[in-house]
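The values are calculated or read from the model by the stated rules, or taken from the named source; none is laboratory data. These numbers were taken from a predicted model, which means no experiment stands behind them. Note that we place each Cβ from the backbone using ideal geometry, even for glycine, and neighbour counts take in every protein chain shown.
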Amino acid sequence: MRDAADVIADGGVLDPRGAPYRIPLEPEPSLGPNRTTPEITDDVPLPSDNGPRLYSMTELDEITSNEAAGHLVNGLLPAGGVTLFVGKARSGKTTVVAGITAAIVTGHSFAGRTVKQKGVAVHVYTDRARVAEPKRLLRAALRGTNADPADTERVFWWRGANGRPPPSLLDGTHREELRKELDRVKASLVVVDSLRRSAPDWQENEADSTRLVMSALTDLTSGATRAVVAIHHAGHEQKRPRGSSDLDAAVESTIIVQPHKKARNLLILEAGHHGCADERFLIAVSREGEEDNMALQFSPVAAAPSDDACGDGNNLRIRAAIIAAGRTEEVRSVDALRKRVRAELGTLSNDPFDEVKGEMEEAGELSKVDRVFRIRMPVTTDGSDDA
């Protein structure tokens, strides 16, 4: 039987199913309706279903469209990929992830961003002492959505035997057990908090060790259907994850979480790669009720897609500073407001203060009441520390 190389050498090519057909060496005289279709022969067997093969453009379009699962949370959390939530200690990372989890298991929006569909979430926590705080925040976020009691049963917690911390995610046997459980409950979201504790044998400054960790996280995505969120600390620059640059390069998106200095319930989120933000947006975290019965709600304040992916984000930072000044101080003049902003942010190379102030006044977010600038936004400033 002739192989593919013989066919090609004789002027033939393989069709999308792997079988050869002859292409005339001379151009055909007519391209009209009577043109004959090249004869397909069976000289070369079709490849197995599981092996590599050639695909036509139509077949490839169909395959790639089926693989494109979009986002679990619109424009924020891609399905089938790994997203890093990065920030300094107590910057609000776990609070934001709790809000996203509550949105996914209830089908509610998160800070104005729609959820693709209700799903099941699995949280992987490796430090027994740290489980209480994430659970408290998640319960508060669920209360904020007025969740049905049945929705709370869509959240699972992965623990070791008798409540002990589970083995490292780099342990292939352990990871396979976790994958089976994720498949069993049809999980659409996996939260790893924190990445460092989930892989204690990870050498985070070494590229090879980091690639193994990222391979382990990708292994949990189950193709294009499941999103994996990993919570990690920021490096010294605060714009990048701590450790090897391979970590940031291997994920679908990195989201930097920064609290405002004065209004700690006002969070700046920057989504992008390699310290460059594709989008920056503000969310307000509102707390209602006493500690044991607290409810968290997440509201959009502003979004600023960056024309330059590595832009400085000054518009959003000035907006945050104006909001904080208007909520925490009595500011009676534009000059005083400008001084408050500059005192917080320092001298900016590109200072769009007047532009931002004008946009906020036009939108009704900033106005003078009894000769004092006031903010009309759902932002609280109780000074609470966020996990």
task = Could you please find all residues in the range 252-299 being charged (D, E, K, R), in a loop (DSSP other than H, G, I, E, B) and more than 19 Å from Thr210 (Cβ to Cβ)?
result = Lys261, Lys262, Arg264, Glu290
query = Regarding Val97, is this residue assigned by TED's automatic domain parsing to the domain that holds Thr210, modelled with pLDDT of 95 or more and closer than 15 Å to Leu189 by Cα?
reply = yes
request  = May I ask you to list pairs of residues, at least six apart or on different chains, whose Cβ atoms are under 6 Å apart, with the first in the range 164-191 being in the same structural domain as Glu153 (by TED's automatic domain parsing) and the second being polar (S, T, N, Q) and crowded, with 16+ Cβ neighbours inside 10 Å?
outcome  = Pro165/Thr126; Leu169/Ser198
task = Working carefully through the options Ala230, Ala249, find the one that is surrounded by fewer than 23 Cβ atoms within 10 Å (Cβ to Cβ) and outside any loop (DSSP other than H, G, I, E, B).
result = Ala249
key: Which numbered condition Gly160 fails, given (1) within 25 Å of Arg242 (Cα to Cα); (2) touching a Pro at 6+ places or on another chain (Cβ under 6 Å)   = (1)
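So that you can scan it fast, the table gives a plain yes or no per residue for (1) in contact with a Ser or Thr (Cβ under 6 Å, 6 or more places away or on another chain); (2) surrounded by fewer than 17 Cβ atoms within 10 Å (Cβ to Cβ); (3) closer than 10 Å to Val122 by Cβ; (4) not hydroxyl-bearing (Ser, Thr, Tyr):
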site	(1), (2), (3), (4)
Asn162	no, yes, no, yes
Pro167	no, no, no, yes
Glu181	no, yes, yes, yes
Arg184	no, yes, no, yes
Leu195	no, no, no, yes
Ser198	yes, no, no, no
key: Search result, residues across the range 178-198 that are at pLDDT 90 or above and outside any strand (DSSP E or B)   = Leu178, Arg179, Lys180, Glu181, Leu182, Asp183, Arg184, Val185, Lys186, Leu195
request  = Check Ala325, Ala336, Ala303 and return the single one that is at pLDDT below 80, over 18 Å from Ile256 (Cα atoms) and among the aliphatic types (A, V, I, L, M).
outcome  = Ala325
task = Residue by residue through the range 196-250, note down the ones that are closer than 12 Å to Val86 by Cα and touching a Leu at 6+ places or on another chain (Cβ under 8 Å).
result = Val229, Ala230, Ile231, His232, Pro241, Leu247, Asp248
ask   = Would it be correct to say that Ala207 is more than 22 Å from Ala89 (Cβ to Cβ), among the small types (Gly, Ala, Ser) and in contact with a strand residue (DSSP E or B) (Cβ under 9 Å, 6 or more places away or on another chain)?
value = no
message = Consider the range 201-221. How many of its residues are within 19 Å of Trp157 (Cβ to Cβ) and not in a helix (DSSP H, G or I)?
response = 1
